[in-house]
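The values are calculated or read from the model by the stated rules, or taken from the named source; none is laboratory data. The structure presented is a predicted model; accordingly, all values stated were derived computationally and were not measured. When we count neighbours, we look across all protein chains shown, and the Cβ atoms used for this are built from the backbone with ideal geometry, even at glycine. Note: areas computed on protein heavy atoms with side chains; ligands, DNA, RNA excluded. Shrake-Rupley method; radii C 1.70, N 1.55, O 1.52, S 1.80 Å.
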Amino acid sequence: MKKLYLCLVLELCVLTMSQRTALDTSILGYIYRGYRNWLTHSFGTGNEDRMSQLRNKNKFQKEVPIDVRFPCNVTAGRSSKVPESVHRLKPGDIDVIAAMGDSVTIGAGATSIYTYEVNIEDRGIVGSIGGQGTWRQYLTLPNILKEFNPKLVGYSLGDAISTDPVAQLNVAESGAMSKDMTFMATYLVNKMKDDPRIDINKHWKLISLMVGSNDFCTNMCVTSLRIMLNDHKTDLINTLRILRDNLPRTFVALIPPPHLKELVAAHQGTETLPCYVSSRIECSCLFALQFRDQRPEYYKIIERWQKIDEEVANYPEFHKNDFTVEVLPTLEDAKVPLAEDGLSDLSYLNADCFHWSQKLHALYANNLWNNLLEPVGNKSRALTSLFKKFLCPTSERPFLMTYRNSQNNET
């Protein structure tokens, strides 16, 4: 029975969001959701024995002792009066946090020990949107922001599929592609408007958006590359327009996806049989031998995709007084950190050697946070070690950095 479920999961993971939405109304959809619920709640972060195993495997960040203070002084991290401009937004002014994306943003298998557990949705510990525990156990962007504003809402509270209430405003879905983002944006807007905790016109909102890896892994080798890039540009523009036209007081953090060339390189010399099999199932366009000669061309397409994200984010239509889109490029040149033997440290990846462990999510959160406080034009494009560089708001630079306040040095 376990093998039957595994086959079902691997097949459904490659479906687009709209296809899975239609599937959810079918009998197969009920079986699939039941399986995901069972898997998530049986093997996720609620299982202490598993957490102990993962810590022993060095898959988790080292817990910060209670006597170590939070790195930043949070007393001036929230404005005395709610700001009118997104360009004068302090970290503590964020009242609502949300996320759009794919399997990275659902925390796919972040606590997996075996490859069949990759479909666990560990949303509560995702670097961009998880709010489980505190920054001491799980460094995440919401757990950082909660130090500045304990009333922050929207972050995922634990292991959950997207329809579970504890997923909150994490509307990401496994297998999501660029073409799913307009649907996802509309869904998020409606979810926010229906949430009694959120005043759409009053509360400041931070929405992260990252998509592309599934397009690279399953679409790039079966479609026109020129059309794929053009479609992504159109999808992204339409998605951002939906957010802009429906969500005032919003800061959109657009995160270009990582360059998967580095993941391909990480597998060389470190690959086990389970990693070999899962990588070729989950990312056949880049790992399958039949496409090996096309990799250089595919790598250029990924770079072009990242540049499209930056180009669209810079469109003047997405920069208003109460709305902005800012690129956080920390993953653009990201590499899997090296182990002591000089090879890629696979403890930063989960059991399938493709998705991330909690330790990499913590690293991601640290560097996203730094990106938010770094001026436009001088943002880090690679990952630095956990807590090695952890920026704080200062009196000279107290705001989340936008194109406008980076140019004007507003204080």
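Selection of region 157-186 for residues being free of Cβ contacts under 8 Å to residues at least 60 places away in the same chain and open to solvent by less than 10 Å² (accessible area, probe 1.4 Å) yields ALA167, SER178.
Determine whether SER213 is free of Cβ contacts under 8 Å to residues at least 12 places away in the same chain and either over 30 Å from ASN405 (Cβ atoms) or open to solvent by less than 30 Å² (accessible area, probe 1.4 Å) (or both). No; evaluated as a whole, the condition is false for this residue. Can you confirm whether ASP345 is open to solvent by 40 Å² or more (accessible area, probe 1.4 Å) and modelled with pLDDT under 95? The answer is no for ASP345.
The lone criterion from (1) surrounded by 17 or more Cβ atoms within 10 Å (Cβ to Cβ); (2) over 18 Å from the mean Cα position of the chain (by Cα); (3) under 22 Å from VAL74 (Cβ atoms); (4) not aliphatic (A, V, I, L, M) left unmet by PRO375 is number (1). Just to verify a result, which residue in region 72-84, among those that are in contact (Cβ under 8 Å) with a residue 40 or more places away in the chain and either open to solvent by 60 Å² or more (accessible area, probe 1.4 Å) or among the aliphatic types (A, V, I, L, M) (or both), is nearest to ASN149 (Cα to Cα)? Filtering region 72-84 for residues that are in contact (Cβ under 8 Å) with a residue 40 or more places away in the chain and either open to solvent by 60 Å² or more (accessible area, probe 1.4 Å) or among the aliphatic types (A, V, I, L, M) (or both), the one nearest to ASN149 (Cα to Cα) comes out as ARG78.
Scan THR105, THR111 and give me the residue that is within 22 Å of SER347 (Cβ to Cβ), surrounded by 20 or more Cβ atoms within 10 Å (Cβ to Cβ), of a type outside the set (Lys, Arg) and in contact with a strand residue (DSSP E or B) (Cβ under 6 Å, 6 or more places away or on another chain).
THR105
Every condition in (1) in a helix (DSSP H, G or I); (2) open to solvent by 10 Å² or more (accessible area, probe 1.4 Å); (3) under 28 Å from HIS319 (Cα atoms) is met by HIS87 except one, and the failing one is (2). Within region 41-57, the residues that satisfy the criterion of being surrounded by 15 or more Cβ atoms within 10 Å (Cβ to Cβ) and either modelled with pLDDT under 75 or part of a loop (DSSP other than H, G, I, E, B) (or both) are HIS41, PHE43, GLY44, THR45, GLY46, ASN47, ARG50, MET51. Within region 241-264, the set of residues being more than 30 Å from SER279 (Cβ to Cβ) and under 17 Å from the mean Cα position of the chain (by Cα) comprises PHE251, VAL252.
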